[in-house]
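The values are calculated or read from the model by the stated rules, or taken from the named source; none is laboratory data. None of these values were measured; they are calculated from a predicted model. Neighbour counts run over all protein chains shown; Cβ positions are idealised from the backbone, glycine included.
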Amino acid sequence: MAQYVKVWFDREADFLEVTFADGMGYMRETDHDSVMERVDMDGNVIGFSILNVSHLPQDHPLVAQLSSVA
């Protein structure tokens, strides 16, 4: 089975979105203030978004826990 991701960066909004699958879903909070996960109607993670990307520290990685990936 082929896997793909779509990555979208909006420089003006300072917003990055990554999707693993197309389809209906909604955004849900994570344990990190800048990260939201996109989940399908069954609760499977189908993507995530990061707000204020340019303000993240550059000396260490952003870490956030997502639910199980679809």
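A few remarks follow.
- Residues (at pLDDT below 95 and farther than 18 Å from Q65 by Cα) located in region 14-29: A21, D22, G23, M24, G25
- Of all residues making up region 29-43, the number that are surrounded by fewer than 15 Cβ atoms within 10 Å (Cβ to Cβ) and in contact with a Ser or Thr (Cβ under 8 Å, 6 or more places away or on another chain): 1
- Whichever residue in region 33-70 is β-branched (V, I, T) and at pLDDT below 90 and, among such residues, is farthest from F20 (Cα to Cα): V63
- Within region 1-28, the set of residues being touching a helix residue (DSSP H, G or I) at 6+ places or on another chain (Cβ under 6 Å) and crowded, with 17+ Cβ neighbours inside 10 Å comprises L16 only.
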